[in-house]
Amino acid sequence: MPIARLAAASSIGTTLEWYDFAVYNVMAALVFNAVFFPSFDPLTGTILAFSTYAVGYVSRPLGGILFGQLGDRRGRRVVLVTTLLLMGVATVLIGLLPTYQIWGVWSPILLVTLRFLQGAAIGGEWAGAVLLSLEHGASRQRGRNASFAQVGPACGTILGTGVIAVISAVLSPASFEAWGWRMPFWSSMSLVVFGLWLRRGVEETPAFRDLELRQATARTPIKEVFTQHGQRLIIAVGARIGPDVVYALLVAFTLTYVTTVLHLSRSLALAATVVGAACNAVAVPLFGTLSDRIGRRPVYALGAALAILWAYAYFALMNTARPLLIGVAVAVGLLIHASMYGPQAAFVTEQFPARVRYAGASMAYTLGGLLGGGFAPLIMAALYKSFGSTVPVSLYVSAALAITLIALRWSAETAKVPLIE
């Protein structure tokens, strides 16, 4: 199987996932407070919009349970096609929703429902995307191969914010708020079609075919993860929390902070995010490759330590209100994030044996995302609203990264050793 096709098939789902999430993040920060929550002041409306963002994380563990079971019992490939379709359809339907002025309270209720379906699909997508490249690829390159799926968030963020930036530049603010915000949601269907074409040409992974031949597939993978691999699950969950909170700060909260607190332009916030995401996309596979050479833990831990320092430097640069320094704050932050995100996919999936690897990785991803990134934008906005200072926000980010460092300290090195069978 050509590695280029594997890389593309692995990353397309996470690209769609984060395209959807990037578009939603931007709209939650800039538009949804007026479109779906018009009877509140702007910052309170933004907090409510980020609450619907959190719903997409709450539903992830349910998707992880459902699709994790299927991925270990029926195969990686069939689940990846299903999750891609579900995620794409839910996103398009968000773009078709009537506003609060037309349907009243039913409008935000339907928004939450579709967000729930998105999250469930994503809960089953990530692990399969990682396993597609990791289980097909060479053992000595697991860090690099698994990191292909990790490029998706940056690519999705670039696509999502880029599309919004173009639409914002073409339309007036009134037109954007009236109907222009819908167009990026509709555009996601092109990624779904391309992704289905890619994945239809990829075979089932050798690890799962071997399980089928030996009739060794797990009957209840989720139960087996919790009863036999609980410590490894806790380690994997903890390792994910810090990077997710950092990403929420740099991508989601940046938009709110630049436009609502600093009162600078939407285009500046979007440009800083796109540049930072481009840096992240390039750096993620490089750090994944580095983790193959010197180990997952040292690369991951160094990134977490640097991120703690950057949680404070970030706001110092942002508060200058100078466009160049705002760009530096986001770009350097996302480079540091890449040093954690690059080895993360291999580190998480290597915690579990093949028979429950899909379920274990799905649960680690979804639970870590729920505890980390799911409520992070909401918590950050609420902390700033309550204290009127960025220090509590930085302390919150530091605490999340401390959890990740503890998990890494508790773990064993997984690079350069065979996968658990």
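Using only Cα atoms, tell me the angle between helix 60-73 and the longest principal axis of the chain; keep it within 0 to 90° and round to the nearest 10. Helix 60-73 and the main axis of the chain meet at about 20 degrees. Note on segment 115-248: Cα Rg divided by 2.2 N^0.38 Å, N the number of residues, gives 1.37.
From least to most packed, judged by other beta carbons within 10 angstrom and beginning with the fewest, H337, H229 follow the order H229, H337. Checking every one of the chymotrypsin sites (Phe, Trp or Tyr not before Pro) in segment 177-218 against DSSP loop status and a limit of 15 other Cβ atoms within 10 Å picks out W179. If you line up the long axis of helix 230-247 against the longest principal axis of the chain, both from Cα atoms, how many degrees apart are they, to the nearest 10? So the inclination is approximately 30 degrees. If the segment from K385 to V282 were pulled out straight at 0.36 nm per residue, it would be longer than the present Cα-Cα gap by 33.6 nm. One chain, two ends: L62 and R293. Fully extended at 0.36 nm per residue, the span grows by 79.6 nm beyond their Cα-Cα distance. In this simple spin-label model, placing a label point 7 Å from the Cα along the Cα-to-Cβ direction at both N319 and W186 gives a separation of 4.4 nm. Panel note: the C-alpha atoms of the chain, placed on their principal axes, show extents of 61, 43, 37 Å (largest first). Restricting the trypsin sites (Lys or Arg not before Pro) of segment 368-420 to loop positions (DSSP other than H, G, I, E, B) with no more than 16 neighbouring Cβ atoms within 10 Å leaves K416. Our estimate of slack between E212 and A305, defined as 0.36 nm per intervening residue step minus the Cα-Cα distance, is 29.3 nm.
Residues within the reach of a label modelled at K416 (point 7 angstrom out along Cα to beta-carbon, backbone nitrogen below 13 Å), restricted to segment 293-307, are 293-299. Compared with the dominant principal axis of the Cα atoms in the chain, helix 76-94 is inclined by about 10°. By the beta-carbon count within 10 Å of each Cβ, the least crowded to most crowded order of V348, V332, fewest first, is V332, V348.
All of the numbers you see were taken from the coordinates with simple rules; none came from a lab. These figures come from a predicted structure and were not determined experimentally. Glycine gets a Cβ as well: all are built from the backbone with ideal geometry, and neighbour counts include every protein chain shown.
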